[in-house]
Amino acid sequence: MRRNDPLSRLIDGLSSLKLTLLCLALLMALVVACTLAQVELGIHLAVERFIRSFIVWWTPEGSALRLPIFPGGGLVGAVLLLNLIFAQLRRLELSWRKGGLWIMHTGLALLFIGEFATALMQVESNMAIEEGQTKNSSEDYRRMEVAVVDETDPEFNDELAVPDTLLKSRAEIADASLPFKLRVRAYHDNAALSLRGPGDAPSPVTSGVGVRMSFQPLPPVSADGDRNTAVAVVEPVLKDGSSLGVFLLSNGLGAPQGFISEGRKWRLALRLRLYRHPFSLTLKDFRHDVYPGTDIPKNFSSLVRLKDPRAGDDRDVLIYMNSPLRHGGLTFYQACYGNNDTLSVLQVVRNPAWTLPYLSCLLVALGLMWHFGLMLRKSLGEASP
């Protein structure tokens, strides 16, 4: 006899087929909404708002309110994962005959877990490299950082990178490697820079090229190919409280800015977040092939020299479409090109969970072969005289 207490009713609801169908319908609606939103928001922001969020929020125009209007893909996926687990434990008998279904359900659960892991751990960046150039770093194309660089030693630069998450909190950044604190007065993801006019209000900026500049905060852009011009107003402050100047930093300013304190030379820069790697790539040759008689691209490829002293690796690698380079926990994809086919842009992806979708597909295929193999064997046995 089935129990009717609250816990049993909750388990019944979580394992019901109706919940499965509802979650699948919500996921289809989210995919359609995300696809349509890509036109205005771009791929990355649309995926973040609709697929990798727990709630889809709507902000009315001209208002600061955020209203929840739909469950996000993260919430629907989590409920669907629970539904799959409870349905498997409640309805499937643990037997050899049902082994294929157990394997298939495990593969599907692993697929959901892999997506959650990817959303949490995946980091993407770009490496733009000219023919003949060697690089051991890549740049994030969305996140920013302030670099505080000690240039006193001409042979070696010691630097500290402050991520934009700290800049947005307007915290006072202190580090044991710095003889001063960095006070963040303002930070904007996007702004319009202009030269100061005679009628402008007095500027808080007292040092560097930013003295002659003003800025107007703008909404961040997210469309593919668009880039934000971030702005940070920072003030290095010594331990005794004396200021070393107020600087306006931006990735839209090319001129170097810095100061000298206690005989040490410092440089400040707001830049795309930099990821350094313990190996280097040298672009030996980039090729942009087209179909004969047309300008239609056929293939892009980059011949690079990989050098990793720690792993004793020194070899040539050809990176082209659908054939990435995997090394050191990173995957290098051929993304785009420029400068009359002398510049190659590689997309660099760090995703510790990249094998989970492949393992999931393998388990689902194995489960299907197991299940239908047993059914075929049974039907052949029944058909034989």
Q: Kindly establish whether residue 204 is farther than 21 Å from residue 45 by Cα, open to solvent by 50 Å² or more (accessible area, probe 1.4 Å), in contact (Cβ under 8 Å) with a residue 12 or more places away in the chain and assigned to a loop (DSSP other than H, G, I, E, B).
A: yes
Q: Just give me the residues in segment 233-271 being open to solvent by 40 Å² or more (accessible area, probe 1.4 Å) and in contact with a Lys or Arg (Cβ under 7 Å, 6 or more places away or on another chain), in sequence order.
A: 251, 256
(Q) Return the residues of segment 69-101 that are touching a His at 6+ places or on another chain (Cβ under 9 Å) and small (Gly, Ala, Ser); say none if nothing qualifies. (A) 87, 99, 100
Q: Quickly run through segment 325-359 and pick out the residues that are at pLDDT 90 or above, within 20 Å of residue 130 (Cβ to Cβ) and not in a strand (DSSP E or B).
A: 342
Q. Which of the residues that make up segment 30-43 are open to solvent by less than 70 Å² (accessible area, probe 1.4 Å) and within 20 Å of residue 75 (Cβ to Cβ)?
A. 30, 33, 34, 37, 41
Q: Considering each of 158, 140 in turn, give the residue that is open to solvent by less than 30 Å² (accessible area, probe 1.4 Å), within 23 Å of residue 256 (Cα to Cα) and in contact with a Ser or Thr (Cβ under 9 Å, 6 or more places away or on another chain).
A: 140
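Are there any helices (runs of 4 or more DSSP H) wholly within segment 1-86 with 2 or more residues that are among the β-branched types (Val, Ile, Thr) and within 24 Å of residue 117 (Cβ to Cβ), and if so which?
Of the helices (runs of 4 or more DSSP H) lying wholly inside segment 1-86, those with at least 2 residues that are among the β-branched types (Val, Ile, Thr) and within 24 Å of residue 117 (Cβ to Cβ) span 17-41.
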Q: Tally the residues that are part of a strand (DSSP E or B) and either within 19 Å of residue 137 (Cβ to Cβ) or open to solvent by 70 Å² or more (accessible area, probe 1.4 Å) (or both), restricting the search to segment 287-315.
A: 11
(Q) For segment 316-331, give me each residue that is open to solvent by 40 Å² or more (accessible area, probe 1.4 Å) and under 12 Å from residue 286 (Cα atoms). (A) 318, 320
Q: Could you give me the residue pairs with C-beta distances under 8 Å whose first residue belongs to segment 214-239 and is closer than 16 Å to residue 38 by Cα and in a loop (DSSP other than H, G, I, E, B), whose second residue is open to solvent by 80 Å² or more (accessible area, probe 1.4 Å) and among the hydroxyl-bearing types (Ser, Thr, Tyr) wherever it lies, and which are 6+ apart or on separate chains?
A: none
(Q) Of everything in segment 332-382, what is among the β-branched types (Val, Ile, Thr), in contact (Cβ under 8 Å) with a residue 12 or more places away in the chain and open to solvent by 40 Å² or more (accessible area, probe 1.4 Å)? Give them in sequence order. (A) 342
Q: Restrict the check to segment 271-282 and report whether at least one residue is part of a loop (DSSP other than H, G, I, E, B) and small (Gly, Ala, Ser).
A: no
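The values are calculated or read from the model by the stated rules, or taken from the named source; none is laboratory data. Predicted, not measured: the structure shown is a model, and the values here were computed from it. With ideal geometry, Cβ positions are generated from the backbone for all residues, glycine too; neighbour counts draw on all protein chains shown. Please note that ligands, DNA and RNA were not included when accessible areas were found on the heavy atoms of the full protein model with its side chains. Shrake-Rupley method; radii C 1.70, N 1.55, O 1.52, S 1.80 Å.
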